[in-house]
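Reviewing the structure listed below.
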């Protein structure tokens, strides 16, 4: 096979691969569009203004997963205090109504993210994590 034939063969092969990929991509797009509903992730990370908007819903429970020492420095009014580090944390969470919407926060978003993941595994479906935690809440809400 000379260089010209090799080039033509390679071009043909690449063209066939591209057509195949495009056809598969269109097939997947059609399947995705036909699906009635895209499943929601285990929880959503949201910023402080959106968190505050969701608090207005009467079906919502706000949970502060910080330690008592952190809470003593300030908290979101009306939040249920449930220290993530306490041994009975899972039991206290399990006792909550899974049909409610839960807004979870900690100091900077790490523990509350873990709490959301844990709650999702326990069967809770409507979960929101305050992305940057109470630190962001203070900065945003004090303006």
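Rule-based calculations on the coordinates, nothing more; no lab input. What you see is a predicted model; the values in this text were computed from it and never measured. So basically every Cβ, Gly included, is an ideal-geometry build from the backbone, and we count neighbours across all protein chains shown.
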Cα→Cβ-extended label distance, 7 Å offset, between residue 95 and residue 46, nm: 2.6
Tell me, in nm to one decimal, what length is gained between residue 56 and residue 80 on full extension, where the rule is 0.36 nm per residue of separation less the Cα-Cα distance? 7.1 nm
Using just the alpha carbons, could you tell me how many Å³ per residue the convex hull of region 44-141 encloses? 84
If R0 = 25 Å, then residue 71 and residue 121, at their Cβ-Cβ distance, give a FRET efficiency to the nearest 0.05 of 0.50
Exposure-ranked with fewest Cβ neighbours within 10 Å first, 66, 107, 92 stand as 92, 107, 66
